[in-house]
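**Student:** Structure below; questions to follow.
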Amino acid sequence: MSHFSYWRFRIFSALRWYVSARTRYDVHSPFFSRFVSEVYHDNRRYHLFDLVDHIRDYWRERKDLIALQSLGAPSRTTARPYRTAGSLVASNAITRRSGELLFRLALWIKPTRIIEFGTNAGISTLYLHGADTRTPLFTVEGNAQVAELALESFRRAGTSSALRPAVDSFAEWLGHHPKAGTGRLLFFLDGDHRYQPTLEYVDRLLAACNDDSVIVVADIHWSEGMEKAWTELQQRPRVTASVDTYHFGLLFLRPELNGPHLSLIPTRYKPWRVGFF
């Protein structure tokens, strides 16, 4: 896909999502009403957020050259084989809003374990870990040089021994940890934006986790393949409801839910959606 075709796809994809998106006033399920108020629209400030901001600032000035590896879908932001650490964190690390959403989600569902595929420099990991530093958190990164950046982030944040980083391919790590997905799992996939691998990783964990688990897939509108994967994951028999926040797709497995499968947008971006139309 050419550069022009890619950005044309992204623009039209975003417009389609915006048109279909609903606000909190369109949410009527008691479960999702709690999700909206306690996770999606919770604006409380936590000490962890300031800590992560300080670590972002630390990386902003770092000029170390990091060799890129073709472990997943090709980058859309650079064709160069190297990037500075500052550039890598600025372009690839999770945004503040998305990171804070992950933190509040982890607080809300209280997982018995967390698995993250795609550690990058460890920014998203810190949000997940900070919700409860006693919860086992397995985070996997395929690029050893990038994983070293994450270890530096973890040292600066003073993470606990419950955080267990690994350098491995996602498929091989799953093969070495066949029971990793058991229990009430929070799984965050943000490291391989390809259609078939996305389905395979999620399906393997769906087979093991319990009904209170939540699976989060990042960048579901990044490409046509990711949009196709997201549509198919919503149709999996175990998936009973889902939320599309544009940057994230969240899959819920609770049997008592019968939908919705909704796209959710902050009310300020659709101020006329206040329940009257």
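**Student:** Are there any strands (runs of 3 or more DSSP E) wholly within the stretch 58-170 with 1 or more residues that are closer than 30 Å to residue 182 by Cα, in contact with a strand residue (DSSP E or B) (Cβ under 9 Å, 6 or more places away or on another chain) and touching a residue at least 12 places away in the same chain (Cβ under 8 Å), and if so which? Don't jump to the end; show me each part of the working.
**Tutor:** Working: elements: 65-67, 82-84, 113-117, 137-141, 163-167.
By residue number, 113-117, 137-141, 163-167.
**Student:** Residue 208 is checked against (1) among the aliphatic types (A, V, I, L, M); (2) over 28 Å from residue 60 (Cβ atoms); (3) open to solvent by less than 10 Å² (accessible area, probe 1.4 Å) and fails just one. What number does that condition carry?
**Tutor:** Here residue 208 meets the rest and fails (3).
**Student:** Hey, another quick one. Can you tell me which residues in the stretch 15-42 are open to solvent by less than 70 Å² (accessible area, probe 1.4 Å) and assigned to a helix (DSSP H, G or I)?
**Tutor:** 17, 20, 26, 31, 32, 33, 35, 36, 37, 39, 40, listed by residue number.
**Student:** Something else now. Just for the stretch 234-277: of the residues that are of a type in the set (Gly, Ala, Ser) and assigned to a loop (DSSP other than H, G, I, E, B), which one is least open to solvent (accessible area, probe 1.4 Å)? Spell out the reasoning first.
**Tutor:** Kept after step one, since they are of a type in the set (Gly, Ala, Ser), are these residues of the stretch 234-277: 241-242, 249, 259, 263, 275.
Add one more test, that the residue is assigned to a loop (DSSP other than H, G, I, E, B), and what stays is 259, 275.
Details: 259: 14, 275: 51 Å².
Among those that are of a type in the set (Gly, Ala, Ser) and assigned to a loop (DSSP other than H, G, I, E, B), it is 259.
**Student:** Also: In this structure, is residue 194 touching a helix residue (DSSP H, G or I) at 6+ places or on another chain (Cβ under 7 Å), of a type in the set (D, E, K, R) and either without any contact (Cβ under 8 Å) to a residue 40 or more places away in the chain or open to solvent by 10 Å² or more (accessible area, probe 1.4 Å) (or both)?
**Tutor:** So residue 194 passes the test.
**Student:** Just name the residue that is most open to solvent (accessible area, probe 1.4 Å) out of those in the stretch 216-233 that are without any contact (Cβ under 8 Å) to a residue 60 or more places away in the chain and in a loop (DSSP other than H, G, I, E, B).
**Tutor:** 219
**Student:** Still on this model: Among the residues of the stretch 121-136, write down those that are over 15 Å from the mean Cα position of the chain (by Cα) and either among the charged types (D, E, K, R) or open to solvent by less than 10 Å² (accessible area, probe 1.4 Å) (or both).
**Tutor:** 132, 134
**Student:** Take the stretch 175-191 and flag every residue that is more than 23 Å from residue 123 (Cβ to Cβ), surrounded by 14 or more Cβ atoms within 10 Å (Cβ to Cβ) and not polar (S, T, N, Q).
**Tutor:** Across the stretch 175-191, the qualifying residues are 177, 181, 183, 184.
**Student:** If a residue has to be among the β-branched types (Val, Ile, Thr) and either assigned to a loop (DSSP other than H, G, I, E, B) or more than 30 Å from residue 3 (Cα to Cα) (or both) to count, how many in the stretch 183-215 make the cut?
**Tutor:** Looking only at the stretch 183-215, we keep the residues that are among the β-branched types (Val, Ile, Thr), and these are 198, 202, 214-215.
Going one step further and asking which of them are either assigned to a loop (DSSP other than H, G, I, E, B) or more than 30 Å from residue 3 (Cα to Cα) (or both), we end up with 214-215.
Summing the residues that are among the β-branched types (Val, Ile, Thr) and either assigned to a loop (DSSP other than H, G, I, E, B) or more than 30 Å from residue 3 (Cα to Cα) (or both) in the stretch 183-215 gives 2.
**Student:** Do you know which of the residues in the stretch 85-106 that are among the small types (Gly, Ala, Ser) and closer than 11 Å to residue 126 by Cβ is farthest from the chain's Cα centre (by Cα)?
**Tutor:** 93
**Student:** Of these, 169, 153, 213, which one is under 18 Å from the mean Cα position of the chain (by Cα), open to solvent by less than 30 Å² (accessible area, probe 1.4 Å), at negative phi and not acidic (Asp, Glu)?
**Tutor:** 213
The values are calculated or read from the model by the stated rules, or taken from the named source; none is laboratory data. In this text, all values refer to a predicted model and were calculated from it rather than measured experimentally. Quick reminder, even Gly has a Cβ in these numbers, built from the backbone with ideal geometry, and neighbours come from all protein chains shown. Heavy atoms of the whole protein, side chains included, go into the accessibility calculation; ligands, DNA and RNA do not. Shrake-Rupley method; radii C 1.70, N 1.55, O 1.52, S 1.80 Å.
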